[in-house]
Amino acid sequence: MAKIPTKMVERYRVDDGKSFRLKDIDPADTGGLDTNFKHEAAALLAAGVEELAELQDKLYAQDRWAMLLVFQAMDAAGKDSTIKHVFSGLNPQGVQVFSFKQPSALELDHDFLWRTTLCLPERGRIGIFNRSYYEEVLVVRVHPEILEHQRLPPKCVTKHVWEERYESILDHERHLARSGTVIRKFFLHVSRDEQRKRLLARLDEPEQNWKFSAADVDERRYWKDYQHAYEDAIRATATRRAPWYVIPADHKWFTRLMVGAAIIDALKELDLAYPEPDPEERRRLAAAKKKLLAG
């Protein structure tokens, strides 16, 4: 059975941000695969989902590691559909998806990492953050007036506030990695023109009208600011233990393949296996089987 070309995704991995430039990644890139490959990609993704389901089952059974997957992107880049397609065949017991919208009054009364920390995956599970604590160095940076609503002491909001938040994020992710949480972060990199096409589709196709938000159009005015904020955040927080994958997102079939490939690679690195019963457990299993066979 053909498998997702996992080695291809390495070109989009960033684990040292010093030389990273967002302009070096073409949102329309397909890794050399022809756009006609789209039909074969569906079969490859289906095979990848099967492999991912097997790895997830071992992760759940072994109960030693946790996995945190962070998805960030501009509006209409395809986060929701990527999550839907890549994780379609997994056991719901072992997967948790959280979408973080505008913070509540309670959440604003805590530090910016508090609300996502409550949702971290426990051992044996995959946690998916559809947007995350990175919003605090992205949308809040583009719209710094949001800081006023966070009721921080004035002395805590210095000219170095973004660098200080990067440091907090790095400390947080180091702690998680040391505690057995595998972290992979994805920025789905869509072009401004492709975003416009997708937003128009949400208006033109009745079944997509519910997805449309006028705020998404308004935010397009800040496109360059967001690109700058994303580049800075990736440069500051890409590490070997918590790498970013900057995935071209103009072609959804390719985005899904690469996301699936990165996750499969990360799980394979863990050398997952079903737990082997010890001698005492084997005796108990044999005794139970004997009782069942006896009727």
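Mean-square fluctuations from a GNM of the chain, with a 10 angstrom spring cutoff on Cα atoms, peak among E219, E50, E40 at E40.
For the residues H39, H149, H160, H189, a 1.4 Å probe over the protein chains yields an accessible-area ranking, largest first, of H39, H149, H160, H189. Mind scanning K197/K268; K7/K159; K101/K159; K185/K211 and naming the pairs with a C-alpha gap bigger than 30 Å? Too far apart for the 30 Å limit: K197/K268; K7/K159.
A 1.4 Å probe over all protein chains sorts K289, K58 by accessible area into K289, K58, starting with the largest.
Only Cα pairs under 8 Å and at least 6 apart count here; give the relative contact order of the stretch 41-120 as a rounded whole percent.
Numbers: 26 pairs, mean separation 29.2, N = 80.
It rounds to 36 percent for the stretch 41-120.
Surface composition of the chain: carbon and sulfur atoms hold 51% of the protein heavy-atom accessible area at a 1.4 Å probe. Tilt of helix 252-268 relative to the longest C-alpha principal axis of the chain, in degrees (0 to 90, nearest 10)? Tilt relative to the chain: about 50 degrees.
Divided by 2.2 N^0.38 Å, where N counts the residues, the Cα radius of gyration of the stretch 28-112 comes to 1.42.
Averaging sequence separations of C-alpha pairs under 8 Å and six or more residues apart, then dividing by the length of the chain, give the relative contact order as a whole percent.
Values: 403 pairs, mean separation 106.3, N = 295.
This gives 36 percent for the chain.
Inverting the mean 1/r over all pairs of different Cα atoms, compute the Kirkwood radius of the stretch 118-240 and quote it in Å.
Hydrodynamic radius (Kirkwood, Cα pairs) of the stretch 118-240 is 17.0 Å.
Quick one: accessible area per residue over the stretch 101-188, 1.4 Å probe, rounded to a whole number of Å²?
Numbers: 4510 Å² over 88 residues.
Roughly 51 Å² per residue, with all protein chains present.
Think of each Lys and Arg Cβ as +1 and each Asp and Glu Cβ as -1; about the Cα centre, that makes the dipole of the stretch 143-295 roughly 660 debye. The base-10 log of I(q)/I(0) for the chain, evaluated at q = 0.06, 0.10, 0.14 Å⁻¹, reads -0.23, -0.59, -1.10 [Debye formula, identical scatterers on Cα atoms, solvent excluded].
Here the simple spin-label model places points 7 Å from the Cα toward Cβ, and for F212 and E40 these points are separated by 3.8 nm. Sequentially through the stretch 140-149, phi angles give Karplus couplings (6.51, -1.76, 1.60; θ = phi - 60°) of 5, 6, 5, 10, x, 5, 4, 4, 4, 7 Hz, Gly and Pro residues having no value and appearing as x.
Rank V139, V157, V70 by mean-square fluctuation in a GNM of the chain with C-alpha springs under 10 angstrom and give only the top-ranked residue. Among V139, V157, V70, the largest mean-square fluctuation in the Gaussian network model of the chain belongs to V157. Toward the positive end of the charge dipole of the chain, with +1 on the Cβ of Lys and Arg and -1 on the Cβ of Asp and Glu, the farthest Cα among A287, F100, A238 is that of A287. Around the amide H of I128, modelled in the peptide plane, lie the amide H atoms of L69, Q96, V97, F98, all under 5 Å away and 5 or more residues distant in sequence or on another chain.
For the chain, a Gaussian network of Cα nodes joined below 10 Å ranks A43, A261, A233 by mean-square fluctuation, and the top entry is A43.
Extending 7 Å from the Cα toward the beta-carbon at both E280 and E145 defines two label points whose distance is 6.5 nm.
The values are calculated or read from the model by the stated rules, or taken from the named source; none is laboratory data. Quick caveat: nothing in here was measured; it's all calculated off a predicted structure. No Cβ is skipped: glycine too gets one built from the backbone with ideal geometry, and neighbour counts run over all protein chains shown. SASA here: full protein model, heavy atoms, side chains in, ligands and nucleic acids out. Shrake-Rupley method; radii C 1.70, N 1.55, O 1.52, S 1.80 Å.
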